[in-house]
Every structure is written in C-alpha cells, then in structure tokens.
Amino acid sequence: MNRLITARHTPRPDEVFEALAALHESLSEADCRRAEARLMLLLANHIGDDGVIREAVALARKGLETVA
C-alpha cells in the first residue's frame, strides 16, 4: 500500500504556495470554492490511489472543529 508523503517533496515550495494563493486572486468566495474543488479533483485523479487520498483527507481534517 502506498503512503502519503508528508515530508517536503517539492524543490520550490514557496513557488508552489504562491501558485496556490494566486488561484484565489480576483475570485468571489463562491468561485474560490469551485476552483478549490476542481483543484482537489484534478490532484486526486492524478494521485489515483484511494488510500493515499483518504489519508490526506483525514490529515487535512485533523484538529479542525466541526460545525454542529
């Protein structure tokens, strides 16, 4: 079974962060959410491993509050 890589794995993390932040520029809140959803689906498709995707989802939710 493949595992999620959580250690830095990109040679230019600052540039990646800037690209992710730029995704939201000049977009409404609704369009930001749509763009984020598209990005998630594109990356999930690229990963193609359900176990790795589920591990990433669990890690992303860890420590966040839930709305009642």
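Any read-out appearing in this document is the output of simple, stated calculations on the displayed coordinates, not a laboratory observation. Treat the numbers as computed from the prediction; the structure is a model and nothing was measured. Cβ sites come from the backbone with ideal geometry, for glycine too, and all protein chains shown count toward neighbours.
Selection of the stretch 1-39 for residues being in contact with a Leu (Cβ under 9 Å, 6 or more places away or on another chain) and loosely packed, with under 10 Cβ neighbours inside 10 Å yields only THR6.
Show me the helices (runs of 4 or more DSSP H) found entirely inside the stretch 12-64 where at least 2 residues are farther than 26 Å from MET1 by Cα and of a type in the set (A, V, I, L, M).
Helices (runs of 4 or more DSSP H) meeting the threshold: 13-22, 29-47.
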